[in-house]
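Asks: A single structure is presented below for examination.
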Amino acid sequence: MLALVKTIRFETDEVISIELISNDTTPLPSFAAGDHIDIKLPNGLNKSYSLMNNPAEMGRYVLGILKDPSSKGGSKWIHEHLRVGMRLDISAPSNNFPLQERFQHTILVAGGIGVTPLLAMAHRLHGLKASFEIIYAAKSKGSAAFQDEVAQFSAPVHWHFDDVNASPPDLQHLIEERIKNRSLSSDDCQLYACGPEPMLNAFLTACDHLKLQHAYIERFKAPEAQASLETKTTYTVALKRSNKTIEVTPEMTLLQALRLNDIDVVTSCEEGVCGACETRVISGQPDHLDSVLSDQERSKNTVMMVCVSGCHSPLLELDL
Ligand code: FES
């Protein structure tokens, strides 16, 4: 669908916020905390961005976009070419980072621009009058976007700026302190984190040490893909709807093989983090290399992210 760019605002030197509204009389679909949309840019790239405004608001989507220095044309194009009044081809909202609403307390851990999906969660929790708090870490105060938005809730906020502290946050200490102060058990509390890879790894390690099993992350980028040896062999892919059989050799990825054979696959990040390419598996044993599926979902082998994943079995049957 097409959405109209209503406002663009500089939030920091490197971050802009973009407000999108409907391009016609049809209202934009509602969304949930943790949702993202895919934007099909005029340069052909398809990029995913989290919705950061209050999910209770109807009729507008707000995105926060960091100009990534290693951008291949996504955030760079948006920063340099997007203007108010332009129309963007966007997907309906979808969610790989759902907020659960049954816990006594929630801790939201934001790293830099990773604050965006957590802001939508904070709005939702605030609306529910639920107990929550925020840990917001950034390289410096000047680089931390949306500070007023983070501070607007009645929830406590712990700010951490690496340049002031001369180090990244000690997440294990910060989380443990909060759990102890509230006398929470691990089943009373859920945690959500979004931010750069080292911070997410530190967060997962901290939650593991503290035995907090309700800890969820959303990545910007997939961790370095660790293709297993089994993916280095040739396998056959049977495509049920296309009625085709193709070979995937060690020199190519599954996605490359599908495209070489003119199989249309919807993709966005192509790094295994957004969920856009989720495909139903009819039979076979995928080699899951994405960051979207949980361990439980992987073990079922009923869906896979074809942009990064491969196959352990000689035959993979897909609903494509
Ligand atoms: S395109 Fe994003 S997970 Fe495959």
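Asks: Between beta-carbons, use under 14 Å as the cut-off and find the net charge around residue 182, counting Lys and Arg +1, Asp and Glu -1. Intermediate values should be presented prior to the final figure.
Replies: Details: positive: 178, 180; negative: 133, 176, 177, 187, 188.
Every neighbour counted, the sum reads -3.
Asks: Once the piece of chain linking residue 7 and residue 256 is laid out straight, how much longer is it, given 0.36 nm per residue of separation minus the C-alpha distance between them? Let's see the in-between values first.
Replies: On the way: separation 249, 0.36 × 249 = 89.64 nm, distance 3.76 nm.
Answer, rounded to one decimal: 85.9 nm.
Asks: If you average the sequence gap of Cα pairs under 8 Å that are 6 or more apart and divide by the length of the stretch 2-97, what percent do you get for the contact order?
Replies: Contact order relative to length: 38 percent.
Asks: How high is the relative contact order of the stretch 116-194, in percent, counting Cα pairs under 8 Å that sit 6 or more residues apart?
Replies: Dividing the mean separation by the residue count of the stretch 116-194 yields 30 percent.
Asks: Where a ≥ b ≥ c are the square roots of the eigenvalues of the C-alpha gyration tensor, would you call the chain rounded, which needs a/c under 1.5, or, failing that, prolate if a/b is larger than b/c, or oblate? Write down the numbers at each step before the final one.
Replies: Working: a/c = 1.86, a/b = 1.32, b/c = 1.41.
Taking the square roots of the gyration eigenvalues as a ≥ b ≥ c, the chain is oblate.
Asks: Taking neighbour Cβ counts within 10 Å as the exposure measure, how do 91, 75 sort from fewest upward? Kindly include the intermediate steps, with their values, before the conclusion.
Replies: Values: 91 17, 75 22.
Ascending Cβ contact count within 10 Å gives the list 91, 75.
Asks: While we're on this one: Put a dot 7 Å past each Cα toward the Cβ at residue 141 and residue 313; how far apart are the dots in nm?
Replies: For residue 313 paired with residue 141, the spin-label model returns 5.8 nm.
Asks: Can you work out the PRE-style zone for residue 24? Point 7 Å along Cα to Cβ, and I want the residues of the stretch 73-100 with backbone N under 20 Å.
Replies: What the label zone holds, given the 20 Å backbone N cut-off, is 85-93.
Asks: Once you have a ≥ b ≥ c as the square roots of the Cα gyration tensor eigenvalues for the stretch 105-219, tell me rounded if a/c is under 1.5, and otherwise prolate or oblate according to whether a/b is larger than b/c.
Replies: Details: a/c = 1.57, a/b = 1.11, b/c = 1.41.
The shape class here is oblate.
Asks: So what is the 222 nm mean residue ellipticity for the chain from helices alone, if each DSSP H run of at least 4 adds -39500 (n - 2.57) and you divide by all residues, rounding to the nearest 500 deg cm²/dmol?
Replies: Working: 8 runs with 66 residues, N = 320.
For the chain, the value works out to -5500 deg cm²/dmol.
Bear in mind these aren't lab numbers, they're just calculated from the coordinates by the rules spelled out. Please read these numbers as outputs of a predicted model, since none were measured by experiment. Cβ: placed from backbone, ideal geometry, glycine included. Neighbour counts: every protein chain shown.
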